[in-house]
Structure formats: C-alpha cells, structure tokens
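Each remark here refers to the structure printed beneath this line.
The values are calculated or read from the model by the stated rules, or taken from the named source; none is laboratory data. Predicted, not measured: the structure shown is a model, and the values here were computed from it. So basically every Cβ, Gly included, is an ideal-geometry build from the backbone, and we count neighbours across all protein chains shown.
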Amino acid sequence: MSEIYYPHKELFENPAFKNMCEYEDLVKEFEKDYEGTWAKLANEKISWFAPFKKVLDESNAPFYKWFTEGKLNVAYQCIDRHLKDKKNKAAIIWEGDNGEKRIITYLELHREVNRFANLLKSLGVKKGDRVVIYMPMIPEAAFAMLACARIGAIHSVVFGGFSAEALKDRILDAEAKIVITADGAFRKGKPYMLKPVVDKALEGVDCVEKVVVVERNNEEIEWVEGRDVSYNDLIVNQDNECPFEIMDSEDPLFLLYTSGSTGKPKGVEHHQAGYILWAQLTMEWVFDIKNNDTFWCTADIGWITGHTYIVYGPLAAGATTLMFEGVLTYPDAGRAWKMIEEYKVNQFYTAPTAIRLLHKIGADEPKKYDLTSLRILGTVGEPIDPAAWKWYYDVVGNGRCSIVDTWWQTETGGHMISPLPAATPIKPGSATFPLPGIFAEIIDENGNKMPPNEKGLLCITKPWPSMIRTIWGDPERFVSSYFGTAKKDGKPVYFSGDGAIYDEDGYIWITGRVDDVINVSGHRLGTAEIEAAIQKHPHVAEVAVVGKPDEITGESIFAYIVLKSNENLGEDVELMKEINEIIAKEIGNIAKVKDFAFVPGLPKTRSGKIMRRILRAIAKGEEIKQDTSTLEDPSVVEKIIEIVKSCQI
C-alpha cells in the first residue's frame, strides 16, 4: 500500500471540488445524463453567439461531433469577453532568457491580437487557411495563435527545436499558406537562429506564399524578396480593431503534429467548442484557478501542453499566464524558484524531467526562496517516480501544496486523469482517477475491465468534447491509430497507446507506452521517424530503436544498428556522431540517440517482425523471459547481449 497524502484544505477557498463526495456526485451525474451534463457545462462556460442544436452527434462514429450548429469564437472566449471587468489585468507576463520582462494586459492583448489578425488578412489569409507558426517562446507566438483563431485560420505550431526537414514535412502536409517565424531567440544567454531553418525548409515548397518574420534578436538574416515580410514593420500600420469570425463549433481550430508508429507525423485536428470548453474546465477543476492567480506552465507552445495550459486554458479562464523563454536551470539552479518568488506564482506546472534535473543540481535551492504563494504543483508528460514526487512535495511545496500528476495526450486536448487538488487523497506516482465526464478505463482488447495489479490497455470508452476529430488528410489512419485496438460492448473505443493498472483502491497507475513511441522529457517521438533518419547514413543496413529508462529524461533513446559491413560491431563513437548529426538535421536534437550498439542482426520473427520487447529488456539489463524459439535466428539475441555488455551501456 502506497503512502497517502491528503490535501491541505486551508489552502483552498471555494474550490471546484471540496471533497471526493462532490467528485463522485458529478461522476454519477454524467453516468445518469451524459449529454445533459455536458450541455449544462457548455452553456455555463462558453459565450455562444448561437446556441447548439445537438450535444453529441454519433452518427458517423468515431468521427464524433460536439455542440453541433453552435456558434462561437475562441479568441473572443479568451480575450474580448474579459474586457468588461479585466481589461487592466495582466493576461500574459513574459520573461526572456536574459531577464527581459513584459506585462501584457487583457486590453493590450486584445489590441495586439487584432493587429496581428489584420496583418494576416492583409496577406490574404482567410477562414480555413493553414498557418504554420515556428516561433520561440515570445509573446508574439501567442498573439499569432490567437490572431488565427480570431479570423478562422487554422494554425499549426511547430516546435522551434525541430529541424528544417521536420518543419518541411509539416508545412507540406498542412499545405500551409503562411509561415510565421522569428529571426531567432536566446537560450542560455546565447542567440540562436530560426529564420535560416525556415529558409531551408521552404526549398522546393510551392504552397507557402508569405513568411512573416518577427525580428526578436535583430541578427543579420537573408530576406527573400516577394516572400518574406517584417512583422515589426507591418504591425505598426495595422488597425487595433478586427472583427472576429463567427465559427461553427466543429470548425477546425488547430493542427498539431505528433509522432506516430510510422515515419510520417500525424496532424492531430482539434475543433473549436469542445476544445476550449475542456481547456477552461480543467483550469478550474485541476488547477483551482482563481481571479487573482498567476499560473506558470513551463512547456513550449510547440507542444499541446503549451497550447492548452499557456495560451488557451488560462486565458479562457481569465487568469494571468506566465510565459518563459529561457531554461529553468539558467543562469543557475535557482532561476525557477526566483521567478516563482518574484511573480507570486500560485500554480507551477512542469515535467518530471525538469523536476529530476532541478533536484539533481540544486536539491536545497528552493529553500532559499519564498515559495509560499504556491498552492498547486503540477506534473505533465510522463509518470513521475515517487522519489521525485517526494522532493517536489517536501521541498518545493514545503509539505503543503497539492501535487496534480496529470495524464493526457496531444489527442485528448486536455487532462483526462488527475487528482483534484482540494479533494483527492494522493498516492505518489499515481495519476489517481479520471476527471468527471471522462470514462477512462483499463480493459483488455474485448472490453473486460482488468482486475487490480494486472496490466491492461488504457482506453477512453465514451467520446468527450476535446477529443481529436481526425488526422489531417488521413481519416483512415485516424480510425486505425486510435480505434483499431480495443472494443467495449462490441464498439471500438479510443486506445491511448498506454498501458496501466488499477491498484486495490482503484487508483490508476500508468505503466508507459505499449506501442512504438518513446517518451523523452515528456515529448513523444515515434521510433519509425528516428529509424528512418538513422537509415539515411550510407553505412546503415537496418535499425531498431527502443526506449531506455533515464533518471533525468524519463526515457532515453537506445539504437541497435546493423551496418552494411560487420567490421564495426560494438561501439563506434565517431560513426554514432555522424548518425546523430543526421537525426538532428532530420528531426531535431531532442531525438538524438543516447545509447547505441552496432549489432550483427536484429531479433525477428519468421514473418520479419522485430521483437522490440527483447531489445527493450536488453537495454534495461533485464533477463530475457520471452520465448526466443519463434525467432528466425535465436542466436542473435545472445550476440546482442554480449555486445551490449562489452559496450558497458
């Protein structure tokens, strides 16, 4: 039995859920009247311009539709409706890598977003056009997202650490009309460039008409005549008012590309009403957001966490959101704690990777700062180990803050499983229970609920408003990727790709991916995408990539590489450097291989399937328990084990 931590009730004034009885009451309400309860919440939270006619349309499952024929505008939901009573309140507090600061009120945000929207319209952007945003963590990135939402353009934010090739793939798949970028930005005190990456990505690309460049660090860049325009020059002439587009509840809001089990990234498509409703509700339920709170999510806007919990969720809730360009450990291990003290942060939301790193380099550092403003500590991206949880709770939270260990995905739009900060008794390392309205269950492929302590498939057995609607341009892949694994009551259900177990008390514990995706620092990377990059090296014949536990990043990347010549079996550091350079170019530095072994072959079945479970076990140094007799060449397993041991990995 895990140790249980109870909420410190005195920290919470009028929380959404005061106790587990209130949680259970709402769960029962959803069970009794699923659509009616969602309708009630949608009417309470969204500023509709026309009411919806139907709560849930299941006629073309799994292409579900929510709040059909309802009319709204997400930028209005996040900004305009707050101007009556919050116009002079800070909407965004921004701190740059070098300590530069900007405070943007809701009135100023309204002006900046309108001007950006007018700029885009002047370049011919209209409702339904795709706009790729490849930006650093500066306020203009948020302005760009909200400007697209205002005029009905579909934005696709690409993480600024991705390579030119990865950016190009996403631009082409979305058939983007406009790319918004910056000349560069700063990281750990040093400038880095983004515009040259865009220039390389656009070689041979015909769909992009204009590139809007925010001049952030004013370094020398190349300007392509007729294509590139300066945001700084054009924005000053734009009007402060821009009429918002009336959007249908099921119009697309944004695309966000995530790695999949094939080499091609998936364009996850999220729609207007369901997404913004859940973003706002989870801010209120999970983070207990209140009018005077300052909320800090440390993610990058290139990931779903940045979309939902830096931009859309906090602003829809009328909160103050802190946006940070830099690195939590620069210039020293106290940077995060100094910022929490200075801005009186109430909710701090970061990844277990960051928590482990902060613990490692400055275990006692939080004690030097006044962190008493904190009420809630959050974790996201991967399961948090109990040791990191305990330090987070005892030292950062001083044994008083609730920790919300949130489980969710790009495809879910917002939190699915999480403690409620004033209500849920917490077991360190457990995601606890599904949020009200979310029917997350651990089942087998036939829909049978798993008994305690037996691993099963983590599925969501009823549609929910913020769910992925489709994969952009590939509806068949959408169905096969998410609804092709498990059924309940004879109907396909959403499979998350994660395994999980119930404990004796019904708490959910996430055991990690069961498909071919590696979770590095909370970022999901498809093994196929990494393998495809490695195979571009002329000496590589074939490769298999698996995840290996890492005390800092949660998982690291382990590559088993078969060369065209067997002269370099074992460990060839120089060759691996070349391979990692290719990975950095094709995907980005985040996908670089940490551990590797050059091996004579891979463990394959007679049908040619690579037995990755065996390779994962070898990478972890575990005993091989799988039956190897079905392999085409069982002896290859022992050879791989010997090579890995000789490499001292």
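Things to note:
- Residues within the stretch 176-217 that are surrounded by fewer than 15 Cβ atoms within 10 Å (Cβ to Cβ) and among the charged types (D, E, K, R), tallied: 5
- For the stretch 39-82, a residue qualifies if it is assigned to a helix (DSSP H, G or I), closer than 20 Å to Val113 by Cα and among the hydrophobic types (A, V, I, L, M, F, W, C), and the qualifying residues are Val74, Ala75, Cys78.
- Test: residue in the stretch 430-438 that is assigned to a loop (DSSP other than H, G, I, E, B) and in contact with an Asp or Glu (Cβ under 6 Å, 6 or more places away or on another chain): yes
- Qualifying residue in the stretch 569-590 (condition: among the β-branched types (Val, Ile, Thr), touching a strand residue (DSSP E or B) at 6+ places or on another chain (Cβ under 6 Å), over 23 Å from Ala299 (Cβ atoms) and touching a residue at least 12 places away in the same chain (Cβ under 8 Å)): no
- Flag for Asn73 being polar (S, T, N, Q), within 30 Å of Glu476 (Cα to Cα) and within 26 Å of the chain's Cα centre (by Cα): yes
- Filtering the stretch 472-496 to residues that are at negative phi, of a type outside the set (Asp, Glu) and part of a loop (DSSP other than H, G, I, E, B) leaves Trp472, Phe483, Gly484, Thr485.
Table: residues versus (1) in a loop (DSSP other than H, G, I, E, B); (2) at pLDDT 95 or above; (3) touching a strand residue (DSSP E or B) at 6+ places or on another chain (Cβ under 7 Å).
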site	(1), (2), (3)
Glu220	yes, no, no
Gly226	yes, yes, no
Asp233	no, yes, no
Glu241	yes, yes, no
Glu245	yes, yes, no
Glu250	yes, yes, yes
Leu256	no, yes, yes
Gly260	yes, no, yes
Val268	no, yes, yes
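- Where Asn453 falls short, out of the listed (1) closer than 20 Å to Asp288 by Cβ; (2) of a type in the set (S, T, N, Q); (3) in the same structural domain as Asp498 (by TED's automatic domain parsing): (1)
- Considering the stretch 566-577, the residues that are modelled with pLDDT of 80 or more and exposed (fewer than 13 other Cβ atoms within 10 Å of the Cβ) include one that is nearest to Phe596 (Cα to Cα), namely Val573.
- In the stretch 404-422 there is at least one residue matching the filter, namely being within 27 Å of Tyr349 (Cα to Cα), hydroxyl-bearing (Ser, Thr, Tyr) and assigned to a helix (DSSP H, G or I).
- Counted residues, the stretch 311-324 - those being touching a strand residue (DSSP E or B) at 6+ places or on another chain (Cβ under 7 Å) and either surrounded by fewer than 21 Cβ atoms within 10 Å (Cβ to Cβ) or assigned to a helix (DSSP H, G or I) (or both): 2
- Within the stretch 1-26, the set of residues being over 10 Å from Thr424 (Cβ atoms), outside any loop (DSSP other than H, G, I, E, B) and in contact (Cβ under 8 Å) with a residue 24 or more places away in the chain comprises Lys9, Leu11, Glu22, Leu26.
- Hits in the stretch 173-198 - residues which are part of a loop (DSSP other than H, G, I, E, B), modelled with pLDDT of 95 or more and not aliphatic (A, V, I, L, M): Glu175, Lys177, Asp183
- Which listed residue, of Ile534, Ile561, Ile590, is among the aliphatic types (A, V, I, L, M) and surrounded by fewer than 20 Cβ atoms within 10 Å (Cβ to Cβ): Ile590
- For the stretch 405-444, filtered to residues that are more than 23 Å from Ala486 (Cα to Cα) and of a type in the set (A, V, I, L, M, F, W, C), the residue that is surrounded by the most Cβ atoms within 10 Å (Cβ to Cβ) is Leu420.
- Residue match in the stretch 244-255 (condition: buried (at least 24 other Cβ atoms within 10 Å of the Cβ), more than 30 Å from Gly484 (Cα to Cα) and over 15 Å from the mean Cα position of the chain (by Cα)): yes
- If only residues of the stretch 330-383 that are outside any loop (DSSP other than H, G, I, E, B) and β-branched (Val, Ile, Thr) are counted, the one that is farthest from the chain's Cα centre (by Cα) is Ile361.
- Among the candidates Tyr6, Tyr76, residue that is at pLDDT 95 or above and within 27 Å of Val404 (Cα to Cα): Tyr6
- Of the listed requirements (1) among the polar types (S, T, N, Q); (2) without any contact (Cβ under 8 Å) to a residue 40 or more places away in the chain; (3) touching a helix residue (DSSP H, G or I) at 6+ places or on another chain (Cβ under 7 Å), Asn566 misses just one: (3).
- Of the strands (runs of 3 or more DSSP E) entirely within the stretch 92-172, those holding at least 2 residues that are modelled with pLDDT of 95 or more and over 22 Å from Thr305 (Cα atoms) occupy 101-105.
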